[in-house]
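The values are calculated or read from the model by the stated rules, or taken from the named source; none is laboratory data. Bear in mind the structure is a predicted one, so any value in this text is a computation, not a measurement. Here the Cβ positions follow ideal geometry from the backbone for every residue, glycine too, while neighbour counts run over all protein chains shown. We work out accessible area using only protein heavy atoms, side chains counted, and drop any ligands, DNA or RNA first. Shrake-Rupley method; radii C 1.70, N 1.55, O 1.52, S 1.80 Å.
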Amino acid sequence: MQTITLHTSESVKAQICQPNQPPQTKPQSGTKPQSGTKPQSGVALVNGLAGVGIVVGLFAAVLPAPSAIAANDYERCTTDLLGSKISTDEAASACARALFPRDIARCVNDLSGSAITAVDALSACRQVRRPRELATCVVDIRREISDSTAAEVLDSCRRSLLPVRYSDCVIGLNKAAKLPASKALDSCIDANYFPREVDPTFLPFAPSGGVSATPTQSQMTMPSTSPTLTPFTSPTTPSPSPAPATPSEPIPQRY
């Protein structure tokens, strides 16, 4: 009797010892992975995008709509004006007609602490393009210049096109030139208050060394010439012209 000996490799022995595990095969070069398996990087990318979408959705749910913000501004304006002892009709009209209702309410609130009634403050705030700058102008001048009156300062700041710059002008003149409040207010609001003697200039120099802004007397004097009078003559009556003589024979004509 012959004896047959089987020689098994190590891989076959491992498969026999672990029958439940599938055999591991090396992928051949040039072959694609099976469609049922996905790489780990793709799974991580999908999970990250899902997390970003959830966060964006939460922010969109928390932030209010623009229409709700605008409506809330009008509501706050009316509430603030009513709290400043403004009547219901005036508060509703002022907030409804304002382009920026919060600025109107802020202007009235800031001016109420400067010895100005709420009604006068609302009347001034509704007449300017920059209500908050108006309040800043009045508050700054009243704080820096003690002898200024509230009514005069309010009227001057209301008339200014640039209230913040106007308040800087008034405070600067008062501190540097020691001008009283009324004089500083009038000087900064006056449109004719500007320097005339500025170089270079084409105006003639005055004898004092400055520039003459107005023409001198010699320049204004014009040479006087006596007009020549012509004698008056009475018009003559024109004599009638004689009538043309009637020809005895017809005059030939060329056509």
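Here are some notes:
- Spin-label model distance (nm) - Ser114 vs Ser187, 7 Å beyond Cα toward Cβ: 2.1
- Computed FRET value (nearest 0.05) for Thr88 with Val164, which takes r as the C-beta separation and R₀ as 35 Å: 0.60
- Taking Phe100, Phe202 and ordering them by how much accessible surface each has at a 1.4 Å probe, largest first, produces Phe202, Phe100.
- Classified by the C-alpha gyration tensor, the stretch 117-169 has an oblate form. Its axis ratio a/c, with a ≥ b ≥ c, is 1.5 or above, and a/b does not exceed b/c.
- Phi angles across the stretch 178-185 convert, under the Karplus curve 6.51 cos²θ - 1.76 cosθ + 1.60 with θ = phi - 60°, into 3J(HN,Hα) values of 6, 7, x, 4, 5, 5, 5, 5 Hz, Gly and Pro given as x.
- Taking Cα centre as origin and charging only the Cβ of basic (Lys, Arg, +1) and acidic (Asp, Glu, -1) residues, the dipole magnitude of the stretch 119-194 rounds to 240 debye.
- These residues, Thr78, Thr149, go from largest to smallest accessible area, 1.4 Å probe, as Thr149, Thr78.
- Each label was represented as a point 7 Å from its Cα along the Cα-to-Cβ direction; for Ala151 and Leu99 these points are 3.1 nm apart.
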